[in-house]
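Below you'll find the structure, written out as structure tokens, and then a few comments.
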Amino acid sequence: MCTMISNTVRMRGAAKGRPGWFGITQATVAFDHPVNGGLEHAVLLDFSNYALEPGARVAVELDLASARALVDKLTAALDAAEAGGFAPDAETWR
Amino acid sequence: MWNSFRTDAQVSIETEIIRYPGGGGDQIHAYIARPRGAGRHPGVVLVHHMPGWDEFYQEFAERLARHGYLVICPDLYCRFGHGTSDDVTAKVRSQGGVHDDSVVADCGAALAWLKAQPDCSGKVAIMGTCSGGRHALLAASRVPGFAAVVDLWGGGVVASPDQLSPARPVAPIDYTKDLQVPLLGLFGNDDRSPSPDQVDLHEAELRKYGKDYEFHRYDGAGHGFFYYHTPNYRPAQTMDAWGKIFAFFQKHLSD
């Protein structure tokens, strides 16, 4: 990887991609060369389950400002869910 | 030089995907592009970039073959599985990248494959872009037998300790004293990896050890300025750089 900025976190959830809906096992967040778009570098998000096949992933490429806006909105949604009592800590993906 | 063939010349190439014994004897894929017709040709090990073993690299290999070079471009991600190049690349990235030792071994095996071909002259260069430029330099420094190396904007040749990783444990600049073949380096002055300062550091190290090298730096160009499928493409700088590559090969790969 050219920038060497890449982090992978294990997680549970589901995504819809080439195989249809599938259970994801990890997400990778990188800042590197995008496949599409007009940027030299971009934030690269991959939700994947490579135990299925390399194509079992959902990919998103974002510019930096968009990624920061996403982080803000993700945090805001989590905060609201927790404040509203909709997301008890014990509830995990099944 | 590009576009300098005679209109009555029989310029023709053959391409195929093969499996060859890569590092550790593992059977891995490689894209082969070779000039058609009699004669023996200099070889090129073409090292693909971070975005993977993709269509750009197939076309890159074909251009070199049309100019008389027998090219092998190994799939350095072959052991990670198969799919579209962007999917496989994402999987490789999620695992921290392909290990330098794996790449060096596959490139050394590609050199051996070329030298065993009856239509290869025995003089073989190695070249690549982006991470492939870094890997080409690394392989040329660690594997004996190459005749020349071309590094096209290889990022990470100069790396701080925090930029090293399990897959990339040593910065290629630290192998400079071991480099025994001529080096051509082509860079964009707007690039951030490698930055002009990093290219300066690399050049200073090459001078320190008295190495045979030539660097060319282009204004108005950044990273990946050959990539005609991206907005990074800079046609004038690219064509000038191709001229530099062919002249370099003419000088160092001719019998």
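Out of region A:43-94, which GluC sites (Glu not before Pro) are coil in DSSP terms and have no more than 16 other C-beta atoms within 10 Å?
A:GLU91
Based only on other Cβ atoms within 10 Å, what is the fewest-to-most ordering of A:ASP63, A:ASP46, B:ASP151, B:ASP191?
A:ASP63, B:ASP191, A:ASP46, B:ASP151
Report the far tail of the P(r) of region B:48-141, meaning the percent of Cα-Cα pairs longer than 17 Å.
Result: 50 percent of Cα pairs exceed 17 Å.
Let me have the relative contact order for region A:6-83, percent, based on Cα pairs under 8 Å that are six or more residues apart.
23
Measure nothing but the geometry: give the 0 to 90° angle between the long axis through the Cα atoms of A:64-83 and the longest principal axis through the Cα atoms of chain A, rounded to 10°.
Compared with the principal axis, the helix lies near 10 degrees.
Would you compute, from DSSP H runs of 4+ residues alone, the mean residue ellipticity of the protein assembly as shown at 222 nm, taking -39500 (n - 2.57) per run and dividing by the full residue count, rounded to the nearest 500?
Counting only the DSSP helices, I get -9500 deg cm²/dmol.
Could you name the aspartates and glutamates whose alpha carbon sits less than 17 Å from that of B:LYS208, not counting residues in the same chain fewer than 8 places away?
In chain and number order, the partners are B:ASP174, B:ASP178, B:ASP197, B:ASP200.
Would you mind checking which residues have amide H under 5 Å from B:ILE13's amide H? H placed 1.01 Å from N; only 5 or more apart, or other chain.
B:ARG36
Is there a quick way to get the dipole size of the protein assembly as shown? I mean about its Cα centre, with the Cβ of Lys and Arg at +1 and of Asp and Glu at -1; what is the value in debye to the nearest 20?
The dipole of the protein assembly as shown has a size of about 740 debye.
Which order results if B:VAL11, B:VAL157, B:VAL143, B:VAL44 are arranged by neighbouring Cβ count within 10 Å, fewest first?
With the sparsest Cβ surroundings first, the list reads B:VAL11, B:VAL143, B:VAL157, B:VAL44.
With both partners inside the protein assembly as shown, how many of the DSSP beta bridges are antiparallel, as a percent to the nearest 5?
60
For region B:168-255, which trypsin sites (Lys or Arg not before Pro) are both in a DSSP coil and crowded by at most 10 other Cβ atoms within 10 Å?
Filter output for region B:168-255: empty list.
Filter the cross-link list B:LYS123/B:LYS244; A:LYS73/B:LYS91; B:LYS177/B:LYS211 down to pairs whose alpha-carbon distance in this structure exceeds 20 Å.
A:LYS73/B:LYS91
Report the charge-dipole magnitude of chain B in Debye, nearest 20, computed about the Cα centre from +1 at each Lys and Arg Cβ and -1 at each Asp and Glu Cβ.
Using only the charged Cβ atoms, the result is roughly 500 debye.
Given the options B:TRP113, B:TRP153, B:TRP53, which has the most mean-square fluctuation in a GNM of chain B, springs set between C-alpha atoms less than 10 angstrom apart?
Its mean-square fluctuation being the largest, the pick is B:TRP113.
What FRET efficiency comes out for the pair A:THR8/B:ARG217, r = Cβ-Cβ distance, R0 = 35 Å, nearest 0.05?
Between A:THR8 and B:ARG217 the formula returns 0.50.
Please report, ordered by residue number, every helix of chain B (full DSSP H runs) that is 15 Å or longer along its axis going by C-alpha atoms and whose mean Kyte-Doolittle hydropathy reaches 0.5.
Qualifying helices, which must be both long enough and hydrophobic enough, are B:100-115.
Read-outs: derived from the displayed coordinates by stated rules, not from any lab. These numbers come from a predicted model, not from an experiment. Neighbour counts are summed over all protein chains in view; Cβ atoms, including those assigned to glycine, are modelled from backbone coordinates with ideal geometry.
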